[in-house]
Amino acid sequence: MAAYQRIVVLTGAGLSAESGLSTFRDADGIWARYDYRDVATPEGFARNPELVYEFYNRRRRDGMKAQPNAAHIALAKLEREYPGEVLIVTQNVDTLHEAAGSRNLIHMHGQMALSLCAACDARSPWVEDLSPDLACPSCSTTGSMRPDVVWFGEIPYELERISAALSGCDLFLSIGTSGNVYPAAGFVAAAREAGAHTVELNLEPSEGTSLFAERIEGPASRVVPAYVDRLLAAATSG
Ligand code: BJW
């Protein structure tokens, strides 16, 4: 295995599945129980805010009980011990990467542990349930608080920083994501264009699996630590 200088890791719901958090598009996933148009669009929130609060309040509570699994822990170790640069771009709104010790991390779809005020755009740490009657801690407006997550039709966070990292990376890993949602599903093409080696680590082939140079199938808690060990061994032997 080559030694790489700049690694970008894209993670999705499959990474947190073995921590007990549901994926979206698997047979028993979140979209089998909820219509995404009701709970993950600005229009759905405007139509029925109570349903959206309840959806995220439950997921926030579940997220707070969850613990990082061996895959989150291996990625934090990679960032700590790898001699090159490691950036994790996660689509996940849980905080399991942080809990495992990752620091160079972008939450491109936001975080359930933050609220966003529609009146002043302030983001505030939020561990309690959200409800329509709350006042924003920054501007005191009532009824303006929503979870700080990126819904369909909204623009994901830090796209410029992600784009710069992709165009400068020489290894791109995609872990536990089905490749259904853009712009994240397009990152592999950007990394290829930059000349990076591209690897998919997933339970099963994703939508865009043919775009990857290498594919490793299996549960993240097994395949990610093994791959990280290989990367660390190659970096120290070469
Ligand atoms: C395991 C495993 C184990 C399981 N080990 N693996 C028509 C209408 C409206 C919008 C669009 C449209 N057409 C296109 C769009 C754009 C849209 C889009 O892509 N839609 C598609 C459905 C076609 N995208 C957007 O709207 C985005 N914004 C945007 O495009 O802005 C415009 C713009 C962009 C750029 C520049 C300028 C303008 C926003 C997307 C926001 C996504 N939001 C959600 C919900 C909010 C967060 C939340 O509640 O959590 O984010 S949707 C949901 O999907 C969530 C996830 O982050 C995201 C990705 O899902 P993920 O992580 O891939 O999960 P799954 O379940 O799909 O896959 C899990 C995988 O793991 C599977 O492959 C399993 O096999 C695997 N697995 N166990 C390893 N143990």
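Values computed for the structure shown
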quantity	calculated
Over the chain: helical MRE at 222 nm, DSSP H runs n ≥ 4 each giving -39500 (n - 2.57), nearest 500	-10000 deg cm²/dmol
The range 29-108-the range 199-226 distance, computed between alpha-carbon centres (Å)	19
Glu81/Glu214 FRET efficiency (R0 22 Å; Cβ-Cβ; nearest 0.05)	0.50
5 Å-binned pair-distance histogram of the range 115-238 (Cα, whole percent)	2, 10, 15, 14, 14, 12, 10, 10, 8, 4, 1, 0
Packing-based ranking, highest mean first, of 45-58, 22-35 given that Cβ atoms within 10 Å are counted	45-58, 22-35
³J(HN,Hα) computed for each position of the range 138-145 - Karplus, 6.51 cos²θ - 1.76 cosθ + 1.60, integer Hz, glycine/proline x	8, 10, 6, 5, 9, x, 10, 8
Antiparallel bridges, percent of DSSP beta bridges restricted to the chain (to nearest 5)	30
Antiparallel DSSP beta bridges within the range 88-185, percent to nearest 5	75
Neighbour cut-off at most 15 other Cβ (10 Å), DSSP loop, GluC sites (Glu not before Pro), the range 156-238	Glu158, Glu207
Extension gain from Asn57 to Ser131, taking 0.36 nm per residue of separation minus the Cα-Cα distance	25.7 nm
Sequence-distant residues sharing a close amide H with Leu114 (under 5 Å, placed H)	Trp126, Asp148
Quarter of the Cα convex hull surface for the range 61-179, i.e. its orientation-mean projected area (nm²)	8.7
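Any read-out appearing in this document is the output of simple, stated calculations on the displayed coordinates, not a laboratory observation. None of the values given here were measured: they were computed from a predicted structure. Reconstructed Cβ throughout: ideal geometry from the backbone, glycine too, with neighbour counts over all protein chains shown.
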